[in-house]
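Notes to accompany the following structure.
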Amino acid sequence: MLRHIRGYYRHVLKRLRSFYHFRHFDSFVHGPIQVGYRENIRVGANCSINRGVILQGHSGIDVGNNVVLSPNVMLLDAGLDFDELRSTGRRLHVGKPIRLGDGCWIGAAAVILPGVTLGRNVLVGAGSIVTRSFPDNSVIAGNPARILERGSRDD
Ligand SMILES: CC(C)(COP(=O)(O)OP(=O)(O)OC[C@H]1O[C@@H](n2cnc3c(N)ncnc32)[C@H](O)[C@@H]1OP(=O)(O)O)[C@@H](O)C(=O)NCCC(=O)NCCS
């Protein structure tokens with residue numbers, strides 16, 4: 001019984017901590033997520049962040065309004081300096097900011113890599129690895145992600 005109560009409070013605390021990172025309180029976190037450096041992360045209004053999402057936040061993550069991050073999406077804005085690791089063993093992180101425009105939908109388990117900027121209303125297919133930037137209204141998918149469709153589906 002005590003274990004259940006403790007578990008429940010831990011869950012509530014986790015959700016509250018997650019909300020703390022957002023400027024707008026009309027954005028929702030559905031289940032536990034992982035946030036690296038919260039001071040480098042901005043999430044806009046009316047966003048939906050699903051369980052298992054990882055926001056690294058080393059160099060800067062800027063998420064626009066009305067964005068959906070499906071379960072297990074990773075926004076990775078840094079990696080290790082591999083030369084430094086090989087030569088000295090030091091784990092030095094290097095990165096570039098990630099920007100997601102308004103209205104993007106990032107499908108489940110997609111990975112967005114450092115330096116990527118997605119324009120407005122970009123749809124990223126489930127499981128994609130996004131290695132470069134894409135313009136407004138693209139539908140992209142695959143590893144590496146490529147354009148499936150240009151222009152809005154409402155055009
Ligand atoms: C990207 C997506 C929206 C495309 O759906 P669609 O418009 O119906 O596209 P289709 O299924 O007709 O596929 C079109 C082509 O893209 C490919 N494709 C579609 N989704 C893909 C994906 N995630 N990764 C790689 N290729 C993909 C298909 O294989 C097909 O290729 P082909 O023309 O060579 O046969 C959809 O596949 C997807 O990934 N949705 C995300 C679902 C999700 O994450 N839900 C989480 C709950 S919120």
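Read-outs throughout are calculated quantities, based only on the coordinates presented, and are distinct from any laboratory measurement. Small disclaimer: the values here were computed from a predicted structure and weren't measured. All Cβ positions, even for glycine, are placed from backbone atoms using ideal geometry, and neighbour counts span all protein chains on display.
How high is the FRET efficiency from Ser133 to Val68, r the C-beta distance, R0 25 Å, rounded to 0.05?
Computed FRET efficiency for Ser133 and Val68: 0.85.
Express in nm, to one decimal, how much length is gained between Leu80 and Ala126 on full extension, taking 0.36 nm for each residue of separation and deducting their alpha carbon distance.
The span from Leu80 to Ala126 would gain 14.0 nm if fully extended.
Hey, got a sec? Which trypsin sites (Lys or Arg not before Pro) in region 22-80 land in a DSSP loop and have at most 10 other Cβ atoms within 10 Å? Spell out each step's value before the answer.
Working: sites: Arg23, Arg38, Arg42, Arg51; in loops: Arg23, Arg51.
The qualifying sites are Arg23.
May I ask you to derive the relative contact order of region 59-105, considering only C-alpha pairs under 8 Å and at least 6 residues apart, and to give it as an integer percent? Please report the intermediate quantities before stating the final value.
Values: 70 pairs, mean separation 26.8, N = 47.
Contact order relative to length: 57 percent.
Peptides 78-86, 113-121: what's the order by average Cβ count within 10 Å, highest mean first?
Details: 78-86: 13.6, 113-121: 19.8.
By packing density, highest mean first, the sequence is 113-121, 78-86.
What is the calculated FRET efficiency for Lys96 to Arg146, with r their C-beta to C-beta distance and R₀ = 22 Å, to the nearest 0.05?
Step by step, r from the Cβ atoms, then E = 0.60.
Can you put Ile106, Ile61 in order, fewest other beta carbons within 10 Å first? Let's see the in-between values first.
On the way: Ile106 27, Ile61 24.
Placing the least packed residue first, the sequence is Ile61, Ile106.
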